[in-house]
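Engineer: Could you have a look at this structure, given as structure tokens, before my questions?
The values are calculated or read from the model by the stated rules, or taken from the named source; none is laboratory data. Computed from a predicted model, the values in this text were never measured in an experiment. Using ideal geometry, Cβ is built from the backbone for each residue, glycine included, and neighbour counts are taken over all protein chains shown.
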């Protein structure tokens, strides 16, 4: 059973585009990454899934429940960390978390105590005394305290110092191994590449690719540098290479097809050097966006 499933999920703000025809399936036990630049539609998708905003068309389910009709039942089984954290400034941290715990049928307070320690959260501090990073840690505890079946993270590492980012992913890895499914949007492509099983790329409100990390990184496209005094530009075009960057006797390009075919073609020429590099997720991601801009 998919934990999250959307079909044609669309949201317009008046005439303004939010998301268009978003189709995502997140399987139980996955850590699923959701990446795209600001304004691409990541937060709109998440807020629609959580029924904070209503879809213009299409449908979405979480844990086989309709995100609009069964939103209350869904929220008892999920945890959510928003990108921006807002609490009443005069409330103490412990009061916020105890109040959040009261909405759940069972909370292991010993486990909550261990989260306080792991994230170095001071329970008697008032929200108004907390930095952005410390408010984010409170939100993380609130999302985890009931051991949710699904954890939704919207740019959860923003505001956290490097040590706490590491701590967060240690906890995410632990709860994932215990059965929690993770859906995380992020600008940090390094953390997505390191921790996610699959990733969806969203551009201008539309999903342009969903792949396993190992398929997206390295296997799909490579950066090739060829040094030769011969003119191989026409040969590269015939192989389907676009956007070749040529300086003096060096050709640099992204290649997505058979490396064997490329080698057979360029080996007919006198080569001074050849470098073939697997792309990181960041380079693959930029490649998608550069292709999108060039196609307009």
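To keep it simple, each residue is scored yes or no on (1) under 21 Å from the mean Cα position of the chain (by Cα); (2) within 27 Å of residue 12 (Cβ to Cβ).
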site: 33; (1), (2): yes, yes
site: 42; (1), (2): yes, yes
site: 49; (1), (2): yes, yes
site: 60; (1), (2): yes, yes
site: 65; (1), (2): no, yes
site: 72; (1), (2): no, yes
site: 83; (1), (2): yes, yes
site: 92; (1), (2): no, no
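Engineer: Still on this structure: Taking only pairs six or more apart or across chains, which ones have beta-carbon atoms under 6 Å, a first residue in the stretch 45-74 that is free of Cβ contacts under 8 Å to residues at least 60 places away in the same chain, and a second residue that is surrounded by fewer than 19 Cβ atoms within 10 Å (Cβ to Cβ) and part of a loop (DSSP other than H, G, I, E, B)?
Structural biologist: Once the first residue is free of Cβ contacts under 8 Å to residues at least 60 places away in the same chain and sits in the stretch 45-74, its partners that are surrounded by fewer than 19 Cβ atoms within 10 Å (Cβ to Cβ) and part of a loop (DSSP other than H, G, I, E, B) give 47/53; 51/68.
Engineer: Please tell me if residue 23 is within 15 Å of residue 202 (Cα to Cα) and out of contact with any strand residue (DSSP E or B) (no Cβ under 9 Å at 6 or more places or on another chain). Reasoning before the result, please.
Structural biologist: Working: within 15 Å of residue 202 (Cα to Cα): yes; out of contact with any strand residue (DSSP E or B) (no Cβ under 9 Å at 6 or more places or on another chain): no.
Judged against the criteria, residue 23 is not a match.
Engineer: Also, quick follow-up: Please go through the stretch 150-171 and give me each residue that is under 19 Å from residue 26 (Cβ atoms) and touching a helix residue (DSSP H, G or I) at 6+ places or on another chain (Cβ under 7 Å), ordered by number. Write out each step before concluding.
Structural biologist: In the first step, residues of the stretch 150-171 are kept if they are under 19 Å from residue 26 (Cβ atoms); the result is 150-156, 169.
Hits for the stretch 150-171 are 151, 152, 154, 156, 169.
Engineer: Does any residue of the stretch 32-40 turn out to be free of Cβ contacts under 8 Å to residues at least 12 places away in the same chain, in the same structural domain as residue 144 (by TED's automatic domain parsing) and either under 20 Å from residue 182 (Cβ atoms) or surrounded by 22 or more Cβ atoms within 10 Å (Cβ to Cβ) (or both)?
Structural biologist: Within the stretch 32-40, none of the residues are free of Cβ contacts under 8 Å to residues at least 12 places away in the same chain, in the same structural domain as residue 144 (by TED's automatic domain parsing) and either under 20 Å from residue 182 (Cβ atoms) or surrounded by 22 or more Cβ atoms within 10 Å (Cβ to Cβ) (or both).
Engineer: What tally of residues in the stretch 125-139 results from selecting those that are in contact (Cβ under 8 Å) with a residue 24 or more places away in the chain and in a helix (DSSP H, G or I)? Show your work before the answer.
Structural biologist: From the stretch 125-139, those in contact (Cβ under 8 Å) with a residue 24 or more places away in the chain are 125-128, 130-133, 135-139; that's our starting set.
Among the residues that remain, those that are also in a helix (DSSP H, G or I) are: 127-128, 132-133, 135-139.
Going through the stretch 125-139 one residue at a time, the tally reaches 9.
Engineer: Next question. Do we have residue 168 as crowded, with 17+ Cβ neighbours inside 10 Å, assigned by TED's automatic domain parsing to the domain that holds residue 143 and in a loop (DSSP other than H, G, I, E, B) here?
Structural biologist: Numbers: crowded, with 17+ Cβ neighbours inside 10 Å: yes; assigned by TED's automatic domain parsing to the domain that holds residue 143: yes; in a loop (DSSP other than H, G, I, E, B): no.
Judged against the criteria, residue 168 is not a match.
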